[in-house]
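Undergrad: Just dropping this structure here.
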Amino acid sequence: MSTSGPMQPAAATDAVCHNHQYNRRVRLALAQLPRLLNPVAVAVVAGLLSVARADTVLYNSSTYESGALGTGPNQTFVSTGSSVVAPILNYLTNSSAATSGLVFLTWYRGSVTTPTIVDAASGAVVYVGDTYTSATGFGVQQYKGESVLTYFSGDLVLPAGYGHGSYRVLDSSYAVIDTFNFVGLAANMSDLHEFVLTDDGTALMQAYNVTPVDLTAVGGPSNGYALDCLFQEIDVDSREVLFQWSALAHVDVSESQAVFAVSGNQSYPYDYCHMNSLEKDQAGNYLVSFRGLSAVYSIDGSSGDILWKMGGANNSFTFGDGVEFYYQHHARLQSDIRSSPFNMTLFDNGMEAWQADKEPYGRGLLLSVDTTAKTVSLLAEYKPSFNTTISSQGSIQMLDSGNILVGWGADAAFSEYTTDGTLLRDVQFAEVGSSSDSYRCLAGDWTGAPTTSPALTLVAASAASTATVATATSSAFSSSTSSTSASSSSSASVSATWTAYVSWNGDTRVATWVLADVSSSTTYTSAGSSILARAPRAGFETALNLSSSTTAFAAFGLNANGTCVGASRIVT
């Protein structure tokens, strides 16, 4: 390996273990990896000196909470450089009884939003996606029988806070396999608040449409404009509209709980209802949250009639103690609505940015709804440790374990509770109260299998203790069917102490990283001595320290069964 200075990656074919372009000898060599890693078969792994974790995770950091680390404290990694910028998590509580696993964020940090996956148990970052002006609703859904990731990307329209964009569907390799737009409007006019793929092969989505309306009932002009909240259900395959609903056709602007604080003209329309969540229930009707109305509606799936209103100006229910909510988000059924009483979760913001607080703090709610007796009872509430109202956004999710995951919206944190409200996990991904946020924080089961190569960088310390960096320059394997030799730049052999940094953005399968000498003209697996180091995966990036005299290295990722699932390019 040359120590003359940094080397930049050269164009090369990525090496991925399951790539069918590999010749038979290479596939057989990869198949031998588990045997070679067996302690009996590996005669010498003397190069492995120590393993260090490169990810930054903080615990009860007063510096973090004070904002001294800036808006959206972040980290980069040696193996990926500035191409991956990830949040630094600060844990206030982290009980072993928490079950949230992978948590999906749309991490906003001042000017850009990045779909991001974190391992909530450890604080390690798993995936950092592309950056957008606005992105929301990142999470796992089912699409044509497969688990996929979905999110909105586009523009945030202010001051109302709605979206103009589209919904993306990503497969396990993080490739976009479908895009959805609200049917009947121009492209990229879908709203950011909700996109649902149903078990019936349909999709629910919404849009905000500037519409002429008489606003005298709220102190506005007779020839004013308001935002009409629309939602539709479409067939995924044909894009046929199966149902569409308009708020202005069913709800008068006089029912709004939103202060009339705009001109109400075409440029600044009145956002009177602000629809922010949508779900189809077991009876074929729709459960819809309207923040501007401070109410959740049940809407008939055939006629579009309003079946009942929970909260707001014309509440259909009598509320029990502690139920009253204001400017809410993310209404979700937690039991069959056809069997009353049923359970519902709701995120209660307790305030709106342009009004005084209605409650002392925002919270998650677990409610019992009786549509026969027309009553709503509080089963449990989930309060934030920072004890303030939430100016915007927010989510609440019941996990398979029965625990409750709450995302604190405009305040950059998420928390997990037992069903009865005991706090198990409390995590910040920026200073609470800063300009960093995530529209929702959602847990989900996910297997990421990128088609990119793992990233590998080696750093050497010379006798003068000055760092020398070498990065991947070519594929670990030639794609030629007539050769299995490594393809790399030639350089002199150097004996030194190195730290190898390896990562694979988005991969969830790798359990162990292997560093191998691929400088020989034969395959590196032909002898146990070609294995220079191995280590359990330790977060987004794993660091392996070793001493070696070789001219070329490559990293290989093994899953929990010892099967090779990915190979880096060569480092020389």
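The values are calculated or read from the model by the stated rules, or taken from the named source; none is laboratory data. Quantities reported herein were computed from a predicted structural model and do not represent experimental measurements. Cβ sites come from the backbone with ideal geometry, for glycine too, and all protein chains shown count toward neighbours. Side chains included, ligands, DNA and RNA excluded: accessible areas come from the protein's heavy atoms. Shrake-Rupley method; radii C 1.70, N 1.55, O 1.52, S 1.80 Å.
Undergrad: Counting Lys and Arg as +1 and Asp and Glu as -1, what is the net charge of the other residues whose Cβ lies under 15 Å from the Cβ of S153?
TA: On the way: positive: R168, R440; negative: D130, D155, D178, D191, E194.
Once positives and negatives cancel, what remains is -3.
Undergrad: A follow-up question, please. Provide the gained length on full extension for the span N559 to D130, in nm with one decimal, where the gain is 0.36 nm per separating residue minus the Cα-Cα distance.
TA: Details: separation 429, 0.36 × 429 = 154.44 nm, distance 2.59 nm.
Here the segment from N559 to D130 would lengthen by 151.9 nm.
Undergrad: What's the local net charge at S294, with K and R +1, D and E -1, over the other residues with C-beta under 12 Å away? Please report the intermediate quantities before stating the final value.
TA: Numbers: positive: R291, K309, K358; negative: E255, E324, D348, E352, E359.
Net charge in that neighbourhood comes out at -2.
Undergrad: For the ranges 530-536, 270-276, what's the packing order if you count other beta-carbon atoms within 10 Å of each residue, average per peptide, and put the highest first?
TA: Details: 530-536: 21.0, 270-276: 26.7.
Answer by packing, highest mean first, reads 270-276, 530-536.
Undergrad: What is the spin-label model distance, in nm, from N315 to D420 if the labels are put 7 Å beyond Cα along the C-beta direction?
TA: Label at N315, label at D420, 2.8 nm between them.
Undergrad: Could you work out what % of the accessible surface of region 269-379 is carbon and sulfur, using a 1.4 angstrom probe and leaving DNA, RNA and ligands out of the count? Before the final figure, lay out the partial values.
TA: Numbers: 1560 of 3730 Å².
Whole-percent figure for carbon plus sulfur exposure: 42.
Undergrad: Along Cα→Cβ, 7 Å out, is where each label goes; now give me the distance between the ones at A261 and D171 in nm to one decimal.
TA: About 4.7 nm, to one decimal.
Undergrad: Excluding residues fewer than 8 places away in the same chain, name every one of the lysines whose C-alpha is closer than 23 Å to that of K374.
TA: The reachable lysines, counting only those whose Cα sits under 23 Å from K374, are K280, K309.
Undergrad: Under 16 Å from a point placed 7 Å out from the Cα of L185 along the Cα-to-Cβ direction: which residues of region 205-219 have their backbone N that close?
TA: Zone members listed by number: 205-212.
Undergrad: Measure off, as a whole percent, the carbon and sulfur share of the 1.4 Å-probe accessible area of region 67-111, all protein chains present. All intermediate terms of the calculation are to be shown ahead of the outcome.
TA: Details: 770 of 1630 Å².
Within region 67-111, the accessible surface is 47 percent carbon and sulfur.
Undergrad: In addition: Around F342, what is the net charge, scoring Lys/Arg as +1 and Asp/Glu as -1 over all other residues with Cβ under 10 Å from its Cβ?
TA: Values: positive: R338; negative: D281, D336, D370.
Result for the neighbourhood of F342: -2.
Undergrad: Given H placed 1.01 Å from N in the peptide plane, which residues other than close sequence neighbours of G224 have an amide H under 5 Å from its amide H?
TA: Counting only residues 5 or more places away or on other chains, the set is V213, L215.
Undergrad: Treating cross-link reach as a plain straight distance, find the aspartates and glutamates whose alpha-carbon is under 13 Å from the alpha-carbon of K358, omitting any fewer than eight places away in the same chain.
TA: Partners within reach: E324, D348.
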